[in-house]
Amino acid sequence: MTIRQLQDEIRRLKEEKDFCILVHAYQSEEVTEIADFVGDSFGLSQSAAQVPQKNILMCGVRFMAETVKILSPEKRVFLSHKDAGCPMADQIDAETIRQLRQMYPGYTVVTYINTTAEAKTESDVCVTSSSAPQIVKNIPNDKILFLPDCNLGAWVKEQVPEKEFQFMRGGCPTHLRMSAADVKAAKEAHPEALFLVHPECHPSVVALADYVGSTTGIMAYAKKSDKREFIIGTENSIVEHLQYACPDKRFYALSKDCVCHNMKLTTLMDVYACLKGEGEEIFLDGETVRKAKRSLDNMLAYGG
Ligand code: 13P
Ligand code: SF4
């Protein structure tokens, strides 16, 4: 079977089995092509809460599929590859959050959406990279305990200087592979290019950016810009998607090492297998769903 034939078979099965396919932007081009929705974490959460289909396949990593299940517990939710986890999500559990709460009484616990369902049960408000500054501004408390990504936290703090923040030392190992030295080298090689970066990068990298935003934010900025060259400081799938979308522009990866191997586990054959009934279904108990949903509902409410 060719890739095109496999994609057509997936589209046919999707209709037949009443599936909606949500695809995170870090997936490969051929997987994004069979999606009902492609987006960043915030956009996918919004879509997940609204789609009419009874079954949802999340092509991404486990916390994303869990988020879908929390928002739509009555639906059957599947993860595209059983081993696709997120090392950042594994950095914090519910017990650690309970201990941090005791250390910082009076603080609102704001967790990045890149956390497990279990951790979300102890969170007051979830945020995503695209929604974090706005949500933190809207929270009616000036004391924010921001977990687990201190790099995203530092970027939010810069935009909401009126609030007081506490952080832990968490972060995305994929984005932390990029350094200020990489930026210097890329700018020397491509002096006309704008530098677009994800806020999961280290603050010394983010400080050098022309634009900081989520995966969707970076893609929208590059597509709209009248500039022709861009250095991309996020997972390298975004370079690939942008080059397909804008063949008359030039996109350069900040580092060839910025590859999330968890995101890259999913292939079209995995998608096909899920639709054939061989996928990894997400099960969460009712208590976890009820408690974790509060922080996601707050995210959607404060995020607009
Ligand atoms: P966004 O798509 O929300 O920017 O998140 C990036 C990411 O690292 C997802 O795991
Ligand atoms: Fe997790 Fe980073 Fe991969 Fe996103 S890019 S899934 S935060 S490891």
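Quick check on ASP83: is it open to solvent by 10 Å² or more (accessible area, probe 1.4 Å), free of Cβ contacts under 8 Å to residues at least 40 places away in the same chain and within 14 Å of ligand 2 (Cβ to nearest atom)?
Answer is no for this residue.
Which of the helices (runs of 4 or more DSSP H) found entirely inside region 2-65 contain at least 2 residues meeting this: within 13 Å of ligand 1 (Cβ to nearest atom)?
Where helices (runs of 4 or more DSSP H) fall fully within region 2-65 and carry at least 2 residues being within 13 Å of ligand 1 (Cβ to nearest atom), they are 41-48.
Take region 165-207 and flag every residue that is assigned to a loop (DSSP other than H, G, I, E, B), under 30 Å from PRO105 (Cβ atoms) and more than 16 Å from ligand 1 (Cβ to nearest atom).
MET168, ARG169
Given PRO203, PRO148, PRO191, PRO199, which one is within 29 Å of LYS227 (Cβ to Cβ), within 16 Å of the chain's Cα centre (by Cα) and either open to solvent by 50 Å² or more (accessible area, probe 1.4 Å) or within 14 Å of ligand 2 (Cβ to nearest atom) (or both)?
Going through PRO203, PRO148, PRO191, PRO199 in turn, the sole match is PRO199.
With the structure loaded, tell me whether ALA292 is crowded, with 16+ Cβ neighbours inside 10 Å and within 21 Å of LEU44 (Cβ to Cβ) or whether it fails that test.
It is true that ALA292 is crowded, with 16+ Cβ neighbours inside 10 Å and within 21 Å of LEU44 (Cβ to Cβ).
For region 203-216, how many residues meet the condition of being in contact with an Asp or Glu (Cβ under 7 Å, 6 or more places away or on another chain) and of a type in the set (Gly, Ala, Ser)?
Looking only at that region, the number is 1.
Being of a type in the set (Val, Ile, Thr) and under 18 Å from the mean Cα position of the chain (by Cα) is the filter; apply it to region 73-105 and report the residue that is farthest from ligand 1 (Cβ to nearest atom).
My answer is VAL77.
The values are calculated or read from the model by the stated rules, or taken from the named source; none is laboratory data. Every value quoted in this text rests on a predicted model; they were computed, and no experiment measured them. Here Cβ is always computed from backbone atoms with ideal geometry, including for glycine, and neighbour counts include all displayed protein chains. All accessible areas refer to the heavy atoms of the entire protein, side chains included, with ligands and DNA or RNA removed. Shrake-Rupley method; radii C 1.70, N 1.55, O 1.52, S 1.80 Å.
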